[in-house]
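All remarks here apply to the structure that follows.
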Amino acid sequence: MWNGKKVLAGIFLALILALPLGAFGETPAVPRSPSAEGAEVGFANIEDGDVLPPVFTVRFSISGMGIAPAGVAIDNTGHHHLLIDIEELPDMNGPLPATDRIRHFGKGQNETTLELPEGTHTLQLLLADHAHLPHDPPVMSDVITITVDADAPPQAATGEEGAGP
């Protein structure tokens, strides 16, 4: 006669022993899209050391690759992610999380209006593919440091004529 508990325990033990030992370690890396050689992203209208009002516009620049919305897999394209006050880069082998400090522009936007509290902040752009995975090698800007000051003059209109959201 079969004892149901013993059978289930045996199946459970067999499954545990059948799993590769590495299954309990890190999640295996998802294949990342290759980036185009020499591709760059950056900020078109602000730069390191700028003093900006609490509400300001940031325009993104890209060269060597194109922009495509999230979910649209086209070679040599991606969409922007803005890293705000990030001390350590996110895991480059998985999709970028969407947080208040990692902002996704999955519709293919090339600019945004930020509202930041007064003080010193860091900004960095990181391009990711259709699945929010950073390219290999990553296409990212240098980190810039800005100061937000309520007494800063309103931001001057800059960038290409006709640039829009």
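Panel order for 144, 62, by other beta carbons found within 10 Å of each beta carbon, from fewest to most: 144, 62. In terms of the mean number of neighbouring beta-carbon atoms within 10 Å, the peptides 52-60, 115-123 order highest first as 52-60, 115-123.
Electrostatic bookkeeping for residue 142 treats Lys and Arg as +1 and Asp and Glu as -1; over the other residues with beta carbon under 15 Å from its beta carbon, the sum is -4.
Net charge of the neighbourhood of residue 64, taken over other residues with C-beta under 13 Å away and scored Lys/Arg +1, Asp/Glu -1, is -3. Whole Å is fine, so just give me how far the alpha carbon centre of the range 54-73 lies from that of the range 125-152. So the separation of the two Cα centres works out to 10 Å. Charge dipole (Cα centre; +1 on Lys/Arg Cβ, -1 on Asp/Glu Cβ; no other charges) of the range 40-148 amounts to roughly 380 debye.
Values in this text are rule-based calculations from the coordinates and carry no lab data. Fair warning: this is a prediction, and the values are worked out from it, not measured in the lab. Reconstructed Cβ throughout: ideal geometry from the backbone, glycine too, with neighbour counts over all protein chains shown.
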